[in-house]
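Participant: For reference, the structure I am asking about is given below.
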Amino acid sequence: MGDTILLAAGGTGGHLFPAEALAAELGRRGHVVELATDERADRYGREFPARAVNIVSSATFKGRNPAALALTALRLARGVLQAWRLIGRIRPKAVVGFGGYPTFPPLFAAQLRGVPTILHEQNAVMGRANRALATRVTRIALSFPATSLLGDFAAKAVETGNPVRDMVISAARVPYEPPALDGAFRLLVFGGSQGARFFSELLPPAVEALAPDLKARLVVVQQARPEDLAAVRLGYERVGVQAEVEPFFIDLPARIAAAHLVVCRSGASSVTELSVIGRPSILVPLPGSLDQDQAANAAHLERAGGAWTIRQSELTSARLAEELTKAMTDPEQLTEAAAAARGAGRPDAVARLADLVEEVAARR
């Protein structure tokens with residue numbers, strides 16, 4: 001029987017997907033995994049590979065209103081108490097945090113109990129929740145070599161890469177086939193809630209501006225918010241372009257593998273999956289982020305030659321129509337970008353992170 005390992009992650013895909021990958025790998029190695037997260041974790045339509053999923057109270061500090069700050073502090077204190085009891089009950093050999101404010105109570109409680117802790121940072125810039133915990137953790141696992149670290153954190157950091165789920169590894173086995181100049185061109189478009197709204201407004205007019213012969217070749221798969229579905233579908237129908245528009249794709253890695261070009265935000269999981277699968281992309285970092293982590297993620301893949309980054313403020317429908325025209329008429333550049341993206345991928349990241357977890361747990 002292996003060790004018990006507790007994973008802690010915020011309830012977004014960027015935090016949960018690498019946690020899911022690690023949980024599956026640790027399970028294959030004979031360990032028992034439990035997850036501490038928030039109530040958002042069930043939105044992804046898949047069962048997390050853990051013995052139990054524990055909902056822990058948490059909150060993030062926003063604004064300076066004394067009442068709101070007091071309520072946040074109370075929720076965090078409740079979360080720390082819940083995590084303290086959970087750790088006492090399951091007695092994990094290590095606790096691994098993947099960022100997001102629900103990570104704070106379990107890792108803080110583990111530190112109080114003397115349980116070894118690991119932080120995994122998905123982005124090229126360390127997030128605020130992770131920075132708050134980094135001083136006292138045992139080790140820090142990095143996804144990008146250029147991750148921005150503060151103070152003396154670098155001394156306990158190791159670059160593992162960002163773990164990807166099994167379905168991503170499966171999708172990575174599909175070789176990239178460039179589009180024929182007279183054949184179908186498969187375009188995939190996705191983003192988070194804010195990204196989906198921006199792309200919903202951007203894409204149909206951009207497609208409408210394409211030359212008729214290009215429109216006839218285009219096949220679109222796009223993620224859109226439920227409230228935007230009808231308008232986006234109607235927009236494509238009006239210009240005569242075949243499109244599948246849905247609020248969420250459970251099989252997104254397979255959709256990435258099937259695409260000739262991807263247009264998306266540059267969250268850590270998106271950039272990682274694009275590189276492991278090896279697909280060319282136009283990346284549009286989420287603007288307004290305090291840490292500009294998505295811009296840093298996009299820059300990493302662009303420097304490798306696997307993507308083109310365009311700021312949202314500069315991406316009009318006319319500009320996107322130009323970029324799509326270039327891509328659809330120059331399959332050679334897409335092939336080169338696909339190979340460069342794959343060259344930047346770290347498909348072994350989950351094994352490297354699992355090795356680190358076992359090393360730290362052995363110290364217990």
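The values are calculated or read from the model by the stated rules, or taken from the named source; none is laboratory data. What you see is a predicted model, and the numbers here were worked out from it, not measured in a lab. Cβ placement follows ideal geometry from the backbone for every residue including glycine, while neighbour counts extend to all protein chains displayed.
Participant: Specify the residue that is surrounded by the most Cβ atoms within 10 Å (Cβ to Cβ); the eligible residues are those in the range 66-94 that are more than 30 Å from GLY30 (Cβ to Cβ) and of a type in the set (D, E, K, R).
Facilitator: My answer is ARG75.
Participant: Right, something else. Looking at PHE190 and the list (1) out of contact with any Cys (no Cβ under 7 Å at 6 or more places or on another chain); (2) buried (at least 16 other Cβ atoms within 10 Å of the Cβ), which single condition is not satisfied?
Facilitator: Failing condition for PHE190: (1).
Participant: Would you check which residues across the range 158-207 are among the small types (Gly, Ala, Ser) and farther than 25 Å from ALA124 by Cα and list them?
Facilitator: Our first condition is that a residue be among the small types (Gly, Ala, Ser); within the range 158-207, this holds for 161, 170-172, 180, 183-184, 191-193, 195-196, 200, 206.
Selection gives SER170, ALA180, GLY183, ALA184, SER200, ALA206.
Participant: So which residues in the range 55-90 are more than 23 Å from THR135 (Cα to Cα), in a loop (DSSP other than H, G, I, E, B) and at pLDDT 75 or above?
Facilitator: The one that is more than 23 Å from THR135 (Cα to Cα), in a loop (DSSP other than H, G, I, E, B) and at pLDDT 75 or above: ASN65.
Participant: So, one more: Looking for something surrounded by fewer than 18 Cβ atoms within 10 Å (Cβ to Cβ), assigned by TED's automatic domain parsing to the domain that holds ASN130 and in contact with a Ser or Thr (Cβ under 9 Å, 6 or more places away or on another chain) - is there at least one such residue anywhere in the range 158-165? Let's see the steps before the verdict.
Facilitator: Initial filter on the range 158-165 (surrounded by fewer than 18 Cβ atoms within 10 Å (Cβ to Cβ)): 158-159.
Those left that are additionally assigned by TED's automatic domain parsing to the domain that holds ASN130: 158-159.
So of that shortlist, the ones also in contact with a Ser or Thr (Cβ under 9 Å, 6 or more places away or on another chain) come out as 159.
For the range 158-165, residues surrounded by fewer than 18 Cβ atoms within 10 Å (Cβ to Cβ), assigned by TED's automatic domain parsing to the domain that holds ASN130 and in contact with a Ser or Thr (Cβ under 9 Å, 6 or more places away or on another chain): present.
Participant: One residue is enough: does the range 19-32 have a residue meeting the conditions surrounded by fewer than 20 Cβ atoms within 10 Å (Cβ to Cβ), more than 20 Å from VAL357 (Cβ to Cβ) and modelled with pLDDT of 80 or more?
Facilitator: no
Participant: Something else about it: Which of the residues that make up the range 124-140 are of a type in the set (D, E, K, R) and surrounded by 18 or more Cβ atoms within 10 Å (Cβ to Cβ)?
Facilitator: Going residue by residue through the range 124-140, those that are of a type in the set (D, E, K, R) are 128, 131, 136, 139.
Passing the criteria: ARG131, ARG139.
Participant: Of a type outside the set (Asp, Glu), assigned by TED's automatic domain parsing to the domain that holds PRO175, closer than 22 Å to ALA9 by Cα and crowded, with 18+ Cβ neighbours inside 10 Å: which single residue out of SER270, SER275 fits that description? Reasoning before the result, please.
Facilitator: Values: SER275 fails: closer than 22 Å to ALA9 by Cα.
Testing whether each residue is of a type outside the set (Asp, Glu), assigned by TED's automatic domain parsing to the domain that holds PRO175, closer than 22 Å to ALA9 by Cα and crowded, with 18+ Cβ neighbours inside 10 Å leaves just SER270.
Participant: Mind checking which pairs have a first residue in the range 245-259 that is touching a residue at least 60 places away in the same chain (Cβ under 8 Å) and a second that is of a type in the set (Asp, Glu) and crowded, with 22+ Cβ neighbours inside 10 Å, Cβ under 8 Å, 6 or more apart or different chains?
Facilitator: LEU252/GLU273; PRO253/GLU273; ILE256/GLU273
Participant: Something else about it: Which residue pairs have Cβ atoms under 6 Å apart, sit 6 or more places apart or on different chains, and have a first residue in the range 71-88 that is over 13 Å from ASN54 (Cβ atoms) and a second that is crowded, with 17+ Cβ neighbours inside 10 Å and aromatic (Phe, Trp, Tyr)?
Facilitator: These pairs meet every condition: VAL80/PHE108.
Participant: Across the range 119-153, which residue is nearest to the chain's Cα centre (by Cα) among those that are at pLDDT 80 or above and of a type in the set (Val, Ile, Thr)?
Facilitator: VAL125
Participant: Taking the conditions exactly as written (surrounded by fewer than 22 Cβ atoms within 10 Å (Cβ to Cβ), under 26 Å from THR309 (Cβ atoms), free of Cβ contacts under 8 Å to residues at least 40 places away in the same chain and assigned by TED's automatic domain parsing to the domain that holds PHE190), does VAL221 satisfy them or not?
Facilitator: On the way: surrounded by fewer than 22 Cβ atoms within 10 Å (Cβ to Cβ): yes; under 26 Å from THR309 (Cβ atoms): yes; free of Cβ contacts under 8 Å to residues at least 40 places away in the same chain: yes; assigned by TED's automatic domain parsing to the domain that holds PHE190: yes.
Considered against the rule, which asks whether it is surrounded by fewer than 22 Cβ atoms within 10 Å (Cβ to Cβ), under 26 Å from THR309 (Cβ atoms), free of Cβ contacts under 8 Å to residues at least 40 places away in the same chain and assigned by TED's automatic domain parsing to the domain that holds PHE190, VAL221 comes out as yes.
Rundown of residues vs (1) part of a helix (DSSP H, G or I); (2) surrounded by 18 or more Cβ atoms within 10 Å (Cβ to Cβ); (3) touching a Leu at 6+ places or on another chain (Cβ under 8 Å), yes/no style:
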position: PRO287; (1), (2), (3): no, no, no
position: HIS300; (1), (2), (3): yes, yes, no
position: SER313; (1), (2), (3): yes, no, no
position: LEU320; (1), (2), (3): yes, yes, yes
position: MET328; (1), (2), (3): yes, yes, yes
position: GLN333; (1), (2), (3): yes, no, no
position: GLU336; (1), (2), (3): yes, no, no
position: ALA341; (1), (2), (3): yes, yes, yes
position: VAL350; (1), (2), (3): yes, yes, yes
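Participant: Which of the residues spanning the range 306-355 are assigned by TED's automatic domain parsing to the domain that holds GLY97 and touching a strand residue (DSSP E or B) at 6+ places or on another chain (Cβ under 6 Å)?
Facilitator: Of everything in the range 306-355, just one residue is assigned by TED's automatic domain parsing to the domain that holds GLY97 and touching a strand residue (DSSP E or B) at 6+ places or on another chain (Cβ under 6 Å), namely LEU353.
Participant: Kindly indicate which of PHE153, PHE104, PHE108 is farther than 22 Å from ALA349 by Cα and without any contact (Cβ under 8 Å) to a residue 40 or more places away in the chain. Let's see the steps before the verdict.
Facilitator: On the way: PHE153 fails: farther than 22 Å from ALA349 by Cα; PHE104 fails: without any contact (Cβ under 8 Å) to a residue 40 or more places away in the chain.
When all the criteria are applied, what remains is PHE108.
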